[in-house]
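Each remark here refers to the structure printed beneath this line.
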Amino acid sequence: MVEQTLSTLRIQKVSLIRDIVQDAMGPEIDYANVKSATVAVMAKDIALQRGAVQDWPDVTLWVDKACIPQDNAVLKQEILEEKIDSCYYSREAFETLVRATAVALMARSMAFRAGRSKNVFTRFFMPWVNLAAEL
């Protein structure tokens, strides 16, 4: 049971957001495009806060993979298990946090554009609101 739960967490760690995107937006939406659009929106938000949204390509971001050796599956599993067990109430609570965080980030990204068009609001923002309500 524990190994099955850990396997589920490993799989979800890799594919949770992709699955949420497909479930919420449909199979015609490309996950890679959603990821890149989300990063672009965040960079534009940062540039806007700095006073010049047109300078968003100059915003630099560091994407960290939690400083874990990515080619050692056993070590990654052990580190993940220890971190979850030491920092979270339960593995189920951690899984809920990951899902809620993914939904919140995607909704925030879509909300930026949703205010410009009813169609965009309905098609790209409301699925995230509905998914959040299910959590």
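The values are calculated or read from the model by the stated rules, or taken from the named source; none is laboratory data. These numbers were taken from a predicted model, which means no experiment stands behind them. Reconstructed Cβ throughout: ideal geometry from the backbone, glycine too, with neighbour counts over all protein chains shown. The area values use the complete protein model at the heavy-atom level, side chains included, leaving out ligands, DNA and RNA. Shrake-Rupley method; radii C 1.70, N 1.55, O 1.52, S 1.80 Å.
Observations
- Qualifying residue in region 85-94 (condition: surrounded by 17 or more Cβ atoms within 10 Å (Cβ to Cβ) and within 18 Å of VAL34 (Cβ to Cβ)): no
- So ALA52, is it out of contact with any Leu (no Cβ under 8 Å at 6 or more places or on another chain), open to solvent by 50 Å² or more (accessible area, probe 1.4 Å) and at pLDDT 60 or above: no
- Selection status of SER109, of a type in the set (Gly, Ala, Ser) and either part of a loop (DSSP other than H, G, I, E, B) or closer than 16 Å to ILE29 by Cα (or both): yes
- Lone unmet requirement of (1) open to solvent by less than 40 Å² (accessible area, probe 1.4 Å); (2) more than 17 Å from VAL39 (Cβ to Cβ); (3) at pLDDT 85 or above for VAL129: (1)
- Number of the exception - LYS76 against (1) of a type in the set (Lys, Arg); (2) modelled with pLDDT of 85 or more; (3) more than 17 Å from the chain's Cα centre (by Cα): (2)
- Taking each residue of region 82-110 that is without any contact (Cβ under 8 Å) to a residue 40 or more places away in the chain and looking for partners that are exposed (fewer than 12 other Cβ atoms within 10 Å of the Cβ) and not β-branched (Val, Ile, Thr) with beta-carbon atoms closer than 7 Å, six or more apart or interchain, yields THR96/LEU135; ALA100/LEU135.
- Subset tally (residues that are farther than 20 Å from ALA133 by Cα and at pLDDT 85 or above) for region 84-116: 8
- Condition check for LYS44: over 20 Å from GLU134 (Cβ atoms), at pLDDT 80 or above and part of a helix (DSSP H, G or I): yes
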